[in-house]
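One structure below.
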């Protein structure tokens, strides 16, 4: 029996860091064409699942999390990154169907029984939840002033994320002052039957 940890990147696009890259669009480098709401894989297949800037495009988060739970092995790790729902980046994309806060995922975790079991009977354990910023890419045609503005914006966003991570209940609303802060959730699949 192999000890290889099989990984899946859902909504891979042009980002590949898994054994299997799945996307709904037929892009170069995609291994499997498929929809995150009905994943074309057997039960208990993956040890790691990645969703980077994908879940906010879902029309049914419950269906996606059910599918992730189904295809994941017991104690599989699930890495999810979404734009914060209060940021400009979170709200300006018209293809976003969902808007998240740092604690949104807790509804699906054993650490918090916010949803009754008849609503969502699968469970994850929350390993970590954190607000993250991304360093801006080097400007190529915007000029030095725009480059300075982007870098100052990054420093501001980073400072806000540091403060908001310390006391999310108090400081998370100030995230709306930023342009680019993501939420990163690391989960573990539990309660497989």
**Request:** Those residues that are over 15 Å from the mean Cα position of the chain (by Cα) and under 24 Å from residue 191 (Cβ atoms), I need them from region 19-36; list them, please.
**Result:** none
**Request:** Inspect region 57-79 for any residue being closer than 15 Å to residue 20 by Cα and in contact with a helix residue (DSSP H, G or I) (Cβ under 8 Å, 6 or more places away or on another chain) and give the result as yes or no.
**Result:** yes
**Fill in**
Those residues of region 24-68 which are over 21 Å from residue 5 (Cβ atoms) and not in a loop (DSSP other than H, G, I, E, B) amount to 33, 35, 38, 55, 56, 57, 61, 62, 63, 64, 66
**Request:** Scan (1) assigned to a loop (DSSP other than H, G, I, E, B); (2) touching a residue at least 40 places away in the same chain (Cβ under 8 Å) for the single condition residue 9 breaks and write down its number.
**Result:** (1)
**Item:** Residue tally, condition surrounded by fewer than 21 Cβ atoms within 10 Å (Cβ to Cβ) and more than 28 Å from residue 120 (Cα to Cα), over region 168-179
**Value:** 6
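So that you can scan it fast, the table gives a plain yes or no per residue for (1) surrounded by fewer than 18 Cβ atoms within 10 Å (Cβ to Cβ); (2) in contact (Cβ under 8 Å) with a residue 40 or more places away in the chain; (3) in contact with a helix residue (DSSP H, G or I) (Cβ under 7 Å, 6 or more places away or on another chain); (4) more than 19 Å from residue 96 (Cα to Cα):
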{"site": "17", "(1), (2), (3), (4)": "yes, no, no, yes"}
{"site": "23", "(1), (2), (3), (4)": "no, no, no, no"}
{"site": "29", "(1), (2), (3), (4)": "yes, no, no, yes"}
{"site": "32", "(1), (2), (3), (4)": "yes, no, no, yes"}
{"site": "44", "(1), (2), (3), (4)": "yes, yes, no, yes"}
{"site": "49", "(1), (2), (3), (4)": "no, yes, yes, yes"}
{"site": "55", "(1), (2), (3), (4)": "no, yes, yes, no"}
**Message:** So for region 70-84 (the condition being at pLDDT below 95 and not in a strand (DSSP E or B)), does at least one residue qualify?
**Reply:** no
**Prompt:** For region 87-182, which helices (runs of 4 or more DSSP H) that fit wholly inside it have 1 or more residues that are more than 21 Å from residue 52 (Cβ to Cβ) and modelled with pLDDT of 75 or more?
**Reply:** 143-166, 168-171
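The values are calculated or read from the model by the stated rules, or taken from the named source; none is laboratory data. Quantities reported herein were computed from a predicted structural model and do not represent experimental measurements. Please note: Cβ atoms are built from the backbone with ideal geometry, for glycine as well, and neighbour counts cover all protein chains shown.
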